[in-house]
1. Within the range 155-171, work out how many residues are small (Gly, Ala, Ser), surrounded by fewer than 17 Cβ atoms within 10 Å (Cβ to Cβ) and within 13 Å of the ligand (Cβ to nearest atom).
2. Among the residues in the range 216-238, are any surrounded by fewer than 21 Cβ atoms within 10 Å (Cβ to Cβ), within 16 Å of the ligand (Cβ to nearest atom) and either under 17 Å from the mean Cα position of the chain (by Cα) or within 28 Å of Glu80 (Cα to Cα) (or both)?
3. Of the residues Ala81, Ala28, only one is over 14 Å from Thr117 (Cα atoms), at pLDDT 70 or above and either outside any loop (DSSP other than H, G, I, E, B) or under 19 Å from the mean Cα position of the chain (by Cα) (or both); which?
4. Only one of Glu128, Glu133 is free of Cβ contacts under 8 Å to residues at least 40 places away in the same chain, surrounded by fewer than 22 Cβ atoms within 10 Å (Cβ to Cβ) and under 30 Å from Ser283 (Cβ atoms). Can you tell me which?
5. Pairs only if they're at least six apart or on different chains, beta carbon under 8 angstrom, first in the range 104-119 and assigned by TED's automatic domain parsing to the domain that holds Arg9, second among the hydroxyl-bearing types (Ser, Thr, Tyr) and surrounded by 18 or more Cβ atoms within 10 Å (Cβ to Cβ); list them, first residue then second.
6. Given the criterion within 16 Å of Gly174 (Cα to Cα) and of a type in the set (S, T, N, Q), identify the matching residue among Thr146, Thr118, Thr156.
7. Scanning for something modelled with pLDDT of 80 or more and surrounded by 19 or more Cβ atoms within 10 Å (Cβ to Cβ), does the range 49-61 turn up at least one residue?
Amino acid sequence: MSYRRRGNRAYGIVTHRTLYGTREAADAWLELIANPAYRAPWLATSSELVRDLLLALRTLHALPHAKLVVLGCGDGIVEEAIGRELQRGASDPLSCVLVDSNTFLLGCAMQRMSQTTTVDVALRMDFERDLQEILRVCRRPSDRSTRLIFTLMGGTLGNLEATEAEFFLELAAGLRPGDSILVDAAVKGNAWSIDTDPRMRPDKYPPIEKRFLAAGLAGQLDVAAADVLATYAERVRSTVDIETGSSVPGCHLIRHVDESSGRTFARFRRYDLERLASWLRDSSGLRLLHHGSPLLSERIVSVAFFVLSK
Ligand SMILES: C[S@@+](CC[C@H](N)C(=O)[O-])C[C@H]1O[C@@H](n2cnc3c(N)ncnc32)[C@H](O)[C@@H]1O
């Protein structure tokens, strides 16, 4: 792929196929996650489970020769916490590469992450399409011994357009021994059923969430967000695939389809924790080192964390 490099930023051509294509969508997402409840699972666990996961990573990676590669950095709050945790006790600052398809979010993350890490480069690229190029940028000849620690957080694995198998196949092919990835995923809690899943009722979304999804859809269609929002309840429906559309057995894939354009504009996968863990162990091409979900019993949909290594 071709991209322009300006200082420690690089801009590739990205198509707006995620929910975060435009500035309007980024603003709507930032407004959405400003609600503390939205990030509660991440922030609640960051002190316990994530710390254990990161401890596993830290011992494995013998800092200082590590570089954090943040796929889908968003505003970088979660990853800044991870970076801080990874650096605990390390002598040298951690460097990082940020990747996001949204220019504005990339700028937010850059500002935030540079407070605790050295941002090598911020890449406006599509990690589903340009992963090999991203790997190439991360592995400069001068840092041959550097271990790469990838993160894919915020449930982004469950939103991928391609299957998990395609993503991991490509990632595993590009990793070297000692490289790793920390990934989280939305898993079904004990109270989950397809009928209780909030994603099955897009018409019942709180206004702020509807605004985000409408802005995301509008970005993909290149039309005004206000027009999509005004007609949202009539035009959007949820469909569900069980065991198709995902590589992972037992996964439900909920799609949001815009009936006006016929476009599937959002995907949300709901995993069974242990079946996802088994799949990652057996089929990702990587070694599953550690996993867990601390709030599983309490929630309809919870978050699980996985550390994998080559
Ligand atoms: C759910 S947010 C997660 C943000 C952050 N990692 C967190 O945990 O809060 C997903 C982010 O990934 C980005 N993203 C999604 N798919 C992408 C892709 N294929 N290539 C690049 N960025 C992508 C979006 O722009 C958005 O910023």
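1. 1
2. no
3. Just a single option satisfies the conditions, and that option is Ala28.
4. Glu128
5. Leu105/Tyr20; Thr117/Ser95; Thr118/Ser95; Val119/Ser95
6. Thr146
7. No, there is no match, as no residue in the range 49-61 is modelled with pLDDT of 80 or more and surrounded by 19 or more Cβ atoms within 10 Å (Cβ to Cβ).
A quick yes/no check of all residues on (1) more than 12 Å from the ligand (Cβ to nearest atom); (2) at pLDDT 95 or above; (3) part of a helix (DSSP H, G or I):
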site	(1), (2), (3)
Leu106	no, yes, yes
Met110	yes, yes, yes
Thr116	yes, no, no
Val121	yes, no, no
Phe127	no, yes, no
Val137	yes, no, yes
Ser142	yes, no, yes
Ser145	yes, no, no
Leu148	yes, no, no
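The values are calculated or read from the model by the stated rules, or taken from the named source; none is laboratory data. These numbers were taken from a predicted model, which means no experiment stands behind them. Reconstructed Cβ throughout: ideal geometry from the backbone, glycine too, with neighbour counts over all protein chains shown.
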